[in-house]
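> Pasting a structure below so you can have a look.
The values are calculated or read from the model by the stated rules, or taken from the named source; none is laboratory data. Bear in mind that the values here come from a model prediction, so they are computed numbers and not experimental data. Quick reminder, even Gly has a Cβ in these numbers, built from the backbone with ideal geometry, and neighbours come from all protein chains shown. Please note that ligands, DNA and RNA were not included when accessible areas were found on the heavy atoms of the full protein model with its side chains. Shrake-Rupley method; radii C 1.70, N 1.55, O 1.52, S 1.80 Å.
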Amino acid sequence: MTEITPQEALIYVMIVTSAADNDMTDAELKRIGALVRTLPAFRSFDEDRLMEAARHCQQMLQADDGLDKVLETVRASLPEKAYDTAYALAIDIAAADLSVNQVELRILQLLRDRLDLDKLTTAAIERGARARYRVI
């Protein structure tokens, strides 16, 4: 298994979510960049390494059982206390283009299961995203 930093693991989660439907939209890519630039979780991360981490994740995804390998790498690379952070970032990326399709929903389900997140935690994260991304 590939060793990556916790910040790279969070980037992998966002890339997997964005690439789920084989269409990484400009809104999703901009959101990933904005999150890496602004969130405290990325404070010690060199933003110049973002594209390198994204490329490495995409390469892993193209291998046999790529998604499974990426999710296992993410789980192994993150401290357990950051599992909910990873899920929240995945939700933000899925919602960035204001529509979440079935493939993205499946990725979110796989991530929830892999990180063994409880239903109350995931429901709260999802509800928060609906409130943030609601069009009024």
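> Can you tell me which residue in the stretch 44-92 is surrounded by the fewest Cβ atoms within 10 Å (Cβ to Cβ), limited to those that are touching a Leu at 6+ places or on another chain (Cβ under 8 Å) and more than 17 Å from Ile4 (Cα to Cα)?
Result: Asp84.
> Return the residues of the stretch 9-26 that are among the β-branched types (Val, Ile, Thr) and at pLDDT 85 or above; say none if nothing qualifies.
From the stretch 9-26, those among the β-branched types (Val, Ile, Thr) are 11, 13, 15-17, 25; that's our starting set.
Matches in the stretch 9-26: Ile11, Val13, Ile15, Val16, Thr17.
> Would you call Ala27 in contact (Cβ under 8 Å) with a residue 60 or more places away in the chain, farther than 20 Å from Glu3 by Cβ and open to solvent by less than 50 Å² (accessible area, probe 1.4 Å)? If you could, list the steps in order and put the result at the bottom.
Values: in contact (Cβ under 8 Å) with a residue 60 or more places away in the chain: yes; farther than 20 Å from Glu3 by Cβ: yes; open to solvent by less than 50 Å² (accessible area, probe 1.4 Å): yes.
So Ala27 passes the test.
> Let me ask something else about it. Has the stretch 31-38 got at least one residue that is within 18 Å of Ile125 (Cβ to Cβ), assigned to a loop (DSSP other than H, G, I, E, B) and in contact with a Phe, Trp or Tyr (Cβ under 9 Å, 6 or more places away or on another chain)?
No, because not a single residue in the stretch 31-38 is within 18 Å of Ile125 (Cβ to Cβ), assigned to a loop (DSSP other than H, G, I, E, B) and in contact with a Phe, Trp or Tyr (Cβ under 9 Å, 6 or more places away or on another chain).
> Under 7 Å by Cβ, and 6 or more places apart or on different chains, what pairs join a residue from the stretch 55-84 that is free of Cβ contacts under 8 Å to residues at least 60 places away in the same chain with one that is among the aromatic types (Phe, Trp, Tyr) and surrounded by 15 or more Cβ atoms within 10 Å (Cβ to Cβ)?
Final answer for the pair search is Cys57/Tyr12; Val70/Tyr12.
> Within the stretch 117-136, is even one residue closer than 22 Å to Phe42 by Cα, surrounded by 16 or more Cβ atoms within 10 Å (Cβ to Cβ) and among the basic types (Lys, Arg)?
no
> If I ask for residues that are of a type in the set (Val, Ile, Thr) and out of contact with any Ser or Thr (no Cβ under 8 Å at 6 or more places or on another chain), which ones from the stretch 103-119 would you list? Break it down into steps so the answer makes sense when it comes.
Step one: filter the stretch 103-119 for residues of a type in the set (Val, Ile, Thr), giving 103, 107.
Listed by number, the list holds a single entry, Val103.
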